[in-house]
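Shown below is the structure under consideration.
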Amino acid sequence: MLTMLAKQQLETVLKKALGEGGDFAEVFLERKSTNAITCEDNRIEKVVSGIELGAGIRVIVGDNTAYGYTNDLSEQGLIEVAEVVAKAAKGTQQDVTIELKKVQSPVTSTVKQYPEDVSIDEKVRLVEAANRAARNIDDRVKQVAVGYGDVVQDIWVANSLGTYVEDRRVRTRFVVNVVAAHEGLIQTGYEAVGGHVGFELFQEVSVEELARQAANRALLMLKAKPAPAGKMVVVMAGEAGGTMIHEACGHGLEADLVQKQLSVYAGKIGQKVASELVTVVDDATLPGKYGSLTFDDEGNPGQKTVLIENGILKDYMYDYLTAKKEGRASTGNGRRESYRDRPIPRMTNTFIAPGQSDPEDIIRSVEKGFFVKKMGGGQVNTTNGDFVFDVTEGYLIENGTVTEPVRGATLTGNGPEVLQMIDMVGNDHGFAIGTCGKDGQGVPVSDAQPTIRIPNLTVGGLLE
Amino acid sequence: MEDYGILAKKLVEEATAKGAHQAEVYISKGKELTIEVSKGQVETLKNAEEHGLGIRVFVDQKMGYAYTSDFSPTALTTAVERAIANADKTFADSFNVLPKPVLDHRELDIYDPGIEKTSVDEKIQMALQIEKAAKEYDPRVKIIESCTYQDSQYQVTLASSEGIVTGYHGAYCGCFAYVVAEEEGDAQTGFGLQFELKIADLDPVKVGREAARKAVRMLGAKNINTQKAPVVFDPYVATNFLGVLAPALSAEAVQKGKSLFAGKLGTQVCSPLISIIDDGALPGAIMSAPFDGEGVKTGRTSLIEKGVLKSFLHNSYTAAKEGVTSTGNAVRSFKSTPEVGTTNFFIEAGSVSRDELLSGIDRGFYVTEVMGMHTANPISGDFSVGASGLWIENGKLTKAVRGVAIAGNLMSLFQQVDCVADDLTFFVGRGAPTIRIKEMTISGS
């Protein structure tokens, strides 16, 4: 339906946006269609469908950005916003010619089964199956919430450099939350799976298995003791996810924070910022991952960027504006939550590359320590590098063996210190998905890491 | 508003004609302005308008929902039809009913025309004042991450098959700042924030100075040894902890077995010094509105009184299930069904000053920022968060502390509160005074 807006009309809007001057203008059109199914209390509670339609217009003059958005996607509606934005940008008037050319991405989407081609009944059946699987584990399972969600996001980006891009993103997500209770104690277990994929996700993933894992974690935590407190050797499993690397260095390598001197990694390109065992990559081109992109939200193709190679800082993640400030190309990391937001540098799929060690050997090397089997969310202060991440499944390590489960631990450390400290890196690799928040914008990402050993990290628990 | 009232009513009629037994249409329209300045210049100026519509239907007491921000006639009809089709897949529930209209309509003072009247240039000046005040506070304030002025004007329209056709206008505005202080290679951040219903109440200079003060006092922060000690939460940190408690006070969580407070009505659940209130009609407060997301009158609900659990928050569904009246806590956007949520939610102020509260502590930890609060578990109550702040010695704030963690369970935390100060401060829709916890484990080096 949006293709009604011909390139010629977008050219007119862009010219209007630069009508009062400016270095760069861009129109971002979006149509997002979503479906969500929720099951709780042993029944299908909600089925919600939605359509969001809107356009964002941006004009850059020097370092300054003017931004506006609207739901009125007629040519007249867009011209009105373009005029408001042009006035706010206050550049110097000049003559512009814009000729839009369609750009193809070298990265191709691999979606096989579009959500609209699957009946709602089939989606409901999956949700019900997961609900049953979790409840059948044990009668201490008191509540199960299962959520299915699909999103089809069509975007059109046109800018005054002549770039014109059309892209369709399809994302599918499945979440299970289990509450278990016993003798007055309540604990929870959470599992989520998702990707830049369609319904074919469920050919690879068993939702019943996912539900059982969530239920088993909730039950395990019922018998877990409170986590200990203080500094200790920490081993993080490959399957634990990548929250640690996302927080400990990912955010600090986003070019906007670097340029504003808000990152401990600013000015350190070419320097050793991590142990030589550590290589960190952001890769939007991985097929089907939750953070994968054919194009970013500025019309640049998704790409693979090596950020840290064998401990040496190689590059940051850039969007158009931050790249322009340094006279270089964007790394395809310009992302936004929706047409309401201006793009900023964001991660896609970020990971520590696998190393050489056998994960079993890493655990065996620890006499007394903490084993992280699954991570939850995290947060970082990029200015001083301090970060935290939540452990949703943790154990003690005693004499080289993983022993009893512990609950309620957050691990806290300093990014640059921890990266230098990593002294063993496993040959395994595990991904986890999440929604990353920055400047009030949430975007889908995935993170991964191999099993790693950190000799000295603070575990936030309780003293006996 | 009249136009949207007519549209909403028309869609309700379309839905009932197409098979919905009950229908409700919620329309929101908003206008947003954000001005971010840096180095004496406007860095980003965002000016936008948008609208959205959500339709909720009950067919044989089964609920269906759809929303759209495309208001073309075809898109609106599609939304109506999808909502009805979605209802077919959900569970029939006799408590699925729409509320009746509120008869005593009242006006709340929640729309300041001054926000619309103040020019963009004057608002840019306010943002610049924040930055100037932060820089002038101390030469060590070297980097301005952002100094922002923001306002929002909105209009809500609601119509239902039960005879509701109503709406209101509201507006709020705010200033916030994130700054960095630097000294000898050490860089620390600080923030300041203020949101108000009336633009005349904004004090950009105060916001800038507060951000600067918080950044500067964290310079030279160090880790401390793992130990047990009294801990004080400043109003911002106390508000963060209160936020984790919010879901447990919703009747929905109780009915689903997901609340720490289930089965505890009438019992002592917190220290007798703690009283927690939700007030959707609180004068001067950002989240006040004449009615909630499904048209029920808002008001004051005393949830915890002197430590005793008195009540839970309800929407029409949870209230019907329990045979009580909704507390007017159906919270929503056009994209969501009306769910139980908080409005203006706060811990009541105590009677001592902050300094008096601190004076009783020989050695303790004054927490001014927590990291990873979103990882706290509102169902089990377990939390473990990164913390930074100032060390207390002999009742006085001394050196800065960072990189430690504090952990525990929310229930025991609020039971261990042994002093509440008189400095209740709101951070948008939530607020708390400074509170003191008798003893906690601090995980450090």
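Ordering A:102, A:324, B:438, A:46 from largest to smallest accessible area (1.4 angstrom probe), what's the sequence?
Solvent-accessible surface, decreasing: B:438, A:102, A:324, A:46.
What accessible area, in Å² to the nearest ten, does a 1.4 Å probe give for residue B:228?
Rounded to the nearest 10, the figure is 90 Å².
Another one. Name the lysines eligible as straight-distance cross-link partners of residue A:324: C-alpha to C-alpha under 16 Å, and not fewer than 8 places from it in the same chain.
In chain and number order, the partners are A:260.
With a point put 7 Å past each Cα toward its Cβ, work out how far residue B:17 is from residue B:165 in nm, to one decimal.
1.5 nm
To the nearest 0.05, what FRET efficiency results for residue B:10 and residue B:103 with a Förster distance of 30 Å applied to their C-beta separation?
For residue B:10 and residue B:103, the calculated efficiency is 0.80.
Still on this structure: What length, rounded to one decimal in nm, is gained on full extension from residue A:63 through to residue A:358, with 0.36 nm per residue of separation minus their alpha-carbon distance?
Difference between extended and current length: 101.3 nm.
Could you work out which residue, out of B:140, B:354, B:106, moves most in a Gaussian network model of chain B, that is, has the largest mean-square fluctuation with Cα springs under 10 Å?
Ranking B:140, B:354, B:106 by mean-square fluctuation puts B:106 first.
Another one. Show that you can apply the helix-only estimate: for chain B, add -39,500 (n - 2.57) for every DSSP H stretch of four or more residues, divide by all residues, and state [θ] at 222 nm to the nearest 500.
When only DSSP H runs of four or more count, the value is -7000 deg cm²/dmol.
Moving on to the next point. If I build a Gaussian network model for chain B, linking alpha-carbon pairs within less than 10 angstrom, which residue out of B:292, B:279, B:138 has the largest mean-square fluctuation?
Highest fluctuation of the listed residues: B:138.
Okay, moving on. In chain B, what percentage of the DSSP-assigned beta bridges are antiparallel, given to the nearest 5?
Bridges in chain B are about 95 percent antiparallel.
Considering only protein heavy atoms, what is the solvent-accessible area of residue A:182 at a probe of 1.4 Å, reported in Å² to the nearest 10?
About 80 Å², ignoring ligands and nucleic acids.
How much FRET efficiency would the formula 1/(1 + (r/R0)^6) give for residue A:456 and residue A:140, where r is the Cβ-Cβ distance and R0 is 30 Å, rounded to 0.05?
For R0 = 30 Å, the calculated efficiency reads 0.20.
Per residue, how big is the convex hull around the C-alpha atoms of the stretch A:49-194? Give it to me in cubic angstrom, could you?
201 Å³
Same structure, new question: From the cross-link list A:374/B:228; A:101/A:438; B:46/B:89; B:198/B:335, which pairs have alpha carbons spaced over 30 Å apart?
A:101/A:438; B:46/B:89
Turning to a different aspect of this structure: For helix A:7-17, what angle does its Cα long axis make with the longest principal axis of chain A, in degrees from 0 to 90 and rounded to 10?
Taking the Cα atoms of chain A, the angle to A:7-17 is about 90 degrees.
Any idea what angle helix A:120-135 forms with the longest principal axis of chain A, computed on alpha-carbon atoms, 0 to 90 degrees, nearest 10?
Between helix and principal axis, roughly 20 degrees.
Let me ask something else. For chain B, set up a GNM with springs between Cα atoms under 10 Å and report which of B:102, B:237, B:269 has the largest fluctuation.
Maximum among the listed residues: B:102.
Just add up the charged neighbours of residue B:65: K/R +1, D/E -1, any other residue whose Cβ is under 9 Å from the Cβ of residue B:65.
Local net charge: +3.
Could you work out the local net charge near residue A:408, counting Lys and Arg as +1, Asp and Glu as -1, over the other residues with Cβ closer than 13 Å to its Cβ?
-1
Can you tell me the 0 to 90 degree angle between the C-alpha axis of helix A:75-89 and the longest principal axis of chain A, rounded to 10?
The angle comes out near 80 degrees.
Starting from the Cα gyration tensor of the protein assembly as shown, take the square roots of the eigenvalues, sort them a ≥ b ≥ c, and report rounded, prolate or oblate (rounded when a/c is under 1.5, otherwise prolate if a/b is larger than b/c, else oblate).
Rounded, because the longest to shortest axis ratio a/c is under 1.5.
With charges set only on the Cβ (+1 for Lys and Arg, -1 for Asp and Glu), what does the dipole of the protein assembly as shown come to about its Cα centre, in debye to the nearest 20?
920 debye
Provide Rg over Rh for the stretch B:2-216; use the alpha carbon set for both Rg and the Kirkwood Rh (inverse mean inverse pair distance).
1.16
Quick one: grab the alpha carbon gyration tensor of the stretch B:221-445, order the square roots of its eigenvalues as a ≥ b ≥ c, and give me rounded if a/c is under 1.5, else prolate or oblate depending on whether a/b is larger than b/c.
Since a/c reaches 1.5 and a/b is larger than b/c, the shape of the stretch B:221-445 is classed as prolate.
Shifting gears a bit: Mean 1/r over all different Cα pairs, inverted: what Kirkwood radius does chain A give, in Å?
For chain A, inverting the mean 1/r across all distinct Cα pairs yields 23.6 Å.
Then there is this: Please state the shape class of the stretch A:347-454: rounded when a/c is under 1.5, otherwise prolate if a/b exceeds b/c and oblate if not, all from the C-alpha gyration tensor.
In terms of gyration-tensor shape, prolate.
How high is the FRET efficiency between residue A:324 and residue B:264 when r is their beta carbon distance and R₀ equals 51 Å, given to the nearest 0.05?
0.30
Let me ask another. Length gain on complete extension for the stretch residue B:399 to residue B:74, per 0.36 nm per residue less the alpha carbon to alpha carbon distance?
Separation in residues times 0.36 nm, less the Cα-Cα distance, equals 110.6 nm.
A follow-up question, please. Around residue B:40, under 13 Å between beta carbons, what's the net of Lys plus Arg minus Asp minus Glu among the other residues?
That sum, taken over residues with Cβ under 13 Å, equals -2.
Shielding by partners for A:64-73, please: the mean number of other protein chain Cβ atoms within 10 Å of each residue's Cβ.
Partner Cβ neighbours, averaged per residue: 6.
The values are calculated or read from the model by the stated rules, or taken from the named source; none is laboratory data. Just so it is clear, the model here is predicted, and its values are computed rather than measured. We place every Cβ from the backbone using ideal geometry, glycine too, and count neighbours over all the protein chains shown. Just so you know, the surface numbers come from the protein's heavy atoms only, side chains and all, with ligands and any DNA or RNA stripped out. Shrake-Rupley method; radii C 1.70, N 1.55, O 1.52, S 1.80 Å.
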